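J.: Have a look at this one.
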């Protein structure tokens, strides 16, 4: 009575192998989908509509080492124009209470672009993230490889 028929044992082994393959595939997809900590993609996932300017800037400072170019434009409450390259990065923004509206566009060397929209009093009113796709399949495979080993 203690012995199982051979087909039942083979069936269980295949189920176990299929389970392991499924878990491995899920892990690979999770690794590829998760943004690199401190990247613009990570900053995009952390900035929320309704945040104050101070909260948003603190979140964006984590990604500062990835940011190659910052472009700021908008208007202050006293009618002055905010326009130009942010040489000092996002620290070039005036205080939140002085902002009527502003758009801060950050670019990195991989072609990713993260735009934060600030409304009256420096409250985040929107955000956009644009990813430049790899030009060749070699670049794509290189990115996949780097994500898997990091």
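J.: Residues in segment 129-142: is at least one under 14 Å from residue 51 (Cβ atoms) and either in contact with a helix residue (DSSP H, G or I) (Cβ under 7 Å, 6 or more places away or on another chain) or modelled with pLDDT under 70 (or both)?
T.: Step one: filter segment 129-142 for residues under 14 Å from residue 51 (Cβ atoms), giving none.
Looking for residues that are under 14 Å from residue 51 (Cβ atoms) and either in contact with a helix residue (DSSP H, G or I) (Cβ under 7 Å, 6 or more places away or on another chain) or modelled with pLDDT under 70 (or both), one finds none in segment 129-142, hence no.
J.: Now, a different point. Touching a helix residue (DSSP H, G or I) at 6+ places or on another chain (Cβ under 7 Å), surrounded by 10 or more Cβ atoms within 10 Å (Cβ to Cβ), over 16 Å from residue 129 (Cβ atoms) and at pLDDT 75 or above: which single residue out of 17, 97, 47, 62 fits that description?
T.: 97
J.: Right, here's the next one. Whether any residue in segment 82-94 is outside any strand (DSSP E or B), more than 18 Å from residue 42 (Cα to Cα) and at pLDDT 90 or above is what I want to check.
T.: In the first step, residues of segment 82-94 are kept if they are outside any strand (DSSP E or B); the result is 86-94.
This time we only want the ones that are more than 18 Å from residue 42 (Cα to Cα), so: 86-88, 91-94.
Remaining after also requiring at pLDDT 90 or above: none.
No, every residue in segment 82-94 fails to be outside any strand (DSSP E or B), more than 18 Å from residue 42 (Cα to Cα) and at pLDDT 90 or above.
J.: Which of the residues spanning segment 69-81 are exposed (fewer than 13 other Cβ atoms within 10 Å of the Cβ) and either in contact (Cβ under 8 Å) with a residue 24 or more places away in the chain or not in a loop (DSSP other than H, G, I, E, B) (or both)? Reasoning before the result, please.
T.: Here is the first cut: in segment 69-81, the residues exposed (fewer than 13 other Cβ atoms within 10 Å of the Cβ) are 78-81.
Passing the criteria: only 81.
J.: In segment 114-129, which residues are assigned to a strand (DSSP E or B) and touching a residue at least 60 places away in the same chain (Cβ under 8 Å)?
T.: If the condition is that a residue be assigned to a strand (DSSP E or B) and touching a residue at least 60 places away in the same chain (Cβ under 8 Å), then 114, 116, 118, 124, 125, 126, 127, 129 are the ones that fit.
The values are calculated or read from the model by the stated rules, or taken from the named source; none is laboratory data. Here the structure is a predicted model, which means the values were calculated and not measured. Cβ atoms come from the backbone with ideal geometry, glycine included; neighbour counts cover every protein chain shown.
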